[in-house]
Amino acid sequence: MSTTRQDGAIPDFLRMDDAIGSDPANADKTGNWHGWPTKDLNPVTLMDDEGRTVRIRTPVMDLEGLITPTDLHYTVQHFAVPPVVETDKWELKIHGEVKNELTLNFDQLRRFPGRTVRTVMECSGSDATFFEYFKDEGPKPSRTQECMILSASEWTGVPLAAVLNAAGLSDKSLYVRAVGNDDGVPATAAEGTKPFYYDKGLPMQKALHPDTILAYAQNGQLLEHLHGAPVRLLVPGWSGNWSVKWITDLEITEKMPECWYHYEFYYYGNGVDDPNKELITTLGVKSIITQPNDDVEKMTRGVQMIRGYAWSGAGAISEVDVSTDGGETWNSAHIEAPRHDQFMWVRWSYQWNADRSGDFTLMARAADDVGRVQSREPRYNNMRKNFSAIVGYPVTIE
Ligand SMILES: Nc1nc2c(c(=O)[nH]1)N[C@H]1C(S)=C(S)[C@@H](COP(=O)(O)O)O[C@H]1N2
Ligand SMILES: [Mo]
């Protein structure tokens, strides 16, 4: 980004003779990545040996609005971040059970009509430490201190259905195995597991959903490398691990592909050998309180705003209720517009007239328009995935 310092030569198009705030003493305050410094919002990050950011956790408690700025959007990848592939070197192969195998380069992909989808993205591992907290086996996790594997973006790309239809589907085209450009052996894999590329086998019905896209942009800019550039799969409503980054191959199959992350990692069950193991797909219905954030222990008497986010992987949010007495009684919260993007989260607020001192437990409960209600008890599973239960926030009114 280029910046013109106010003590330098100012080009005409930037000149405003009556401009206020042109004190040269302020010159050093401009040109900061975050703009004019007001409140610093910092994600929790991890760097590799070469000083590159490889992991980001989002300060959800401090976000305003609906879109998570791209530099605050969390990142997860299981293997090492793969090398950068420039858009002009990138190719996507569509093969297997299709009428015509296709290879598309970046320009060819972008000849399909585009689509923009706003969606929440939540990692299956988000809030995992709450499972121990609910069993009284661990302290209350701090979403403020640890930040979250939860964000929301506006993604732009091409519907996967358009590309699949161009390749031609038959009644044997039942799954889309999406393959990323990152390979390795998972730390928890059995001895002797060979390195493989990150892959997921998406059932055709979800693959053909119009909001399932091959995304090349996020929040108005071409994808950042950490988010899967040049092109990633985006599967709104389903757990983050379905949205395969750095995509190179779409293999269309008749049988569900045997992806390691399906049944060794992202599953519900009591263990790898559980005969009733279930693949994790749709996100639950969930709300979190962001104000007061979970560092706040004491508040003063008077009107207190309680705010947060609510989302569901299955339907739009239809109701959010707030309790200040640990779930004994519930009051309807105001869902802030817009509220119609099915896969996007909504913001909600509740004005609490905290007119007496004492100890209170704040809770929020979301419901979606397919009839699901956020649960009081987590759905326990061996891998500690998809925590979505109601959490109580203790506060003291002084
Ligand atoms: N190629 C590839 N895609 C991947 C993964 C990965 O390890 N490799 N991780 C998945 C997981 S677990 C999540 S939660 C999302 C995170 O996407 P983001 O890093 O853009 O937030 O990417 C998914 N796509
Ligand atoms: Mo994830």
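What the table below lists for this structure:
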item	result
Region 238-253, subset of a type in the set (S, T, N, Q) and not in a strand (DSSP E or B), residue surrounded by the fewest Cβ atoms within 10 Å (Cβ to Cβ)	ASN241
Total residues in region 254-286, condition in a loop (DSSP other than H, G, I, E, B) and touching a helix residue (DSSP H, G or I) at 6+ places or on another chain (Cβ under 7 Å)	2
Scan of region 46-80 for residues that are of a type in the set (A, V, I, L, M, F, W, C) and out of contact with any His (no Cβ under 8 Å at 6 or more places or on another chain), ordered by number	LEU46, MET47, VAL54, VAL60, MET61, LEU63, LEU66, ILE67, LEU72, VAL76, PHE79, ALA80
Residue check, VAL44 within 16 Å of ligand 1 (Cβ to nearest atom) and at pLDDT 95 or above	no
Answer residue from region 83-128, given it is small (Gly, Ala, Ser) and farther than 29 Å from ARG55 by Cβ and is farthest from the chain's Cα centre (by Cα) among those	GLY96
Selection count where residues are crowded, with 21+ Cβ neighbours inside 10 Å and out of contact with any helix residue (DSSP H, G or I) (no Cβ under 9 Å at 6 or more places or on another chain), scope region 104-119	2
Residues located in region 234-259, provided they are among the hydroxyl-bearing types (Ser, Thr, Tyr) and more than 16 Å from ligand 2 (Cβ to nearest atom)	THR248, THR253
Sole residue being surrounded by fewer than 18 Cβ atoms within 10 Å (Cβ to Cβ), within 16 Å of ligand 2 (Cβ to nearest atom) and either acidic (Asp, Glu) or under 27 Å from LEU41 (Cβ atoms) (or both), chosen from GLU122, GLU101, GLU146, GLU132	GLU146
Scope region 176-211; condition open to solvent by 50 Å² or more (accessible area, probe 1.4 Å), more than 16 Å from ligand 2 (Cβ to nearest atom) and hydroxyl-bearing (Ser, Thr, Tyr); matching residues	TYR197
Which listed residue is hydrophobic (A, V, I, L, M, F, W, C), within 27 Å of GLU86 (Cα to Cα) and either touching a residue at least 24 places away in the same chain (Cβ under 8 Å) or touching a helix residue (DSSP H, G or I) at 6+ places or on another chain (Cβ under 6 Å) (or both), from LEU214, LEU169, LEU174	LEU214
Inter-residue pairs, beta-carbon under 9 Å, first farther than 20 Å from TRP238 by Cα and in region 123-140, second away from ligand 1 (no atom under 16 Å from the Cβ) and assigned to a helix (DSSP H, G or I), 6+ apart	GLU137/PHE131; GLY138/PHE130; GLY138/PHE131; GLY138/GLU132; PRO139/GLU132; PRO139/TYR133; LYS140/PHE130; LYS140/TYR133
Single residue of LEU214, LEU222, LEU233 found to be at pLDDT 95 or above, surrounded by fewer than 17 Cβ atoms within 10 Å (Cβ to Cβ), under 30 Å from THR103 (Cα atoms) and not polar (S, T, N, Q)	LEU222
Of the criteria (1) of a type in the set (A, V, I, L, M, F, W, C); (2) under 24 Å from ASP341 (Cβ atoms); (3) in a strand (DSSP E or B), which one ALA161 fails	(3)
Failed condition for LYS93, given (1) free of Cβ contacts under 8 Å to residues at least 60 places away in the same chain; (2) touching a strand residue (DSSP E or B) at 6+ places or on another chain (Cβ under 6 Å)	(1)
Which numbered condition SER173 fails, given (1) hydroxyl-bearing (Ser, Thr, Tyr); (2) open to solvent by less than 50 Å² (accessible area, probe 1.4 Å); (3) under 24 Å from the mean Cα position of the chain (by Cα)	(3)
Some residue of region 181-195 being within 24 Å of THR75 (Cα to Cα) and charged (D, E, K, R)	yes
Those strands (runs of 3 or more DSSP E) lying entirely in region 297-358 with at least 2 residues buried (at least 17 other Cβ atoms within 10 Å of the Cβ) and among the β-branched types (Val, Ile, Thr)	317-323
Selection count where residues are part of a loop (DSSP other than H, G, I, E, B) and not polar (S, T, N, Q), scope region 187-236	20
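Okay, residues lined up against (1) β-branched (Val, Ile, Thr); (2) within 30 Å of ILE390 (Cα to Cα):
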position: THR119; (1), (2): yes, yes
position: SER170; (1), (2): no, no
position: VAL176; (1), (2): yes, no
position: GLY184; (1), (2): no, no
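The values are calculated or read from the model by the stated rules, or taken from the named source; none is laboratory data. These numbers come from a predicted model, not from an experiment. Positions of Cβ are backbone-derived with ideal geometry, glycine not excepted, and every protein chain shown enters the neighbour counts. Side chains are part of the model used for accessible areas, which takes the heavy atoms of the whole protein and leaves out ligands, DNA and RNA. Shrake-Rupley method; radii C 1.70, N 1.55, O 1.52, S 1.80 Å.
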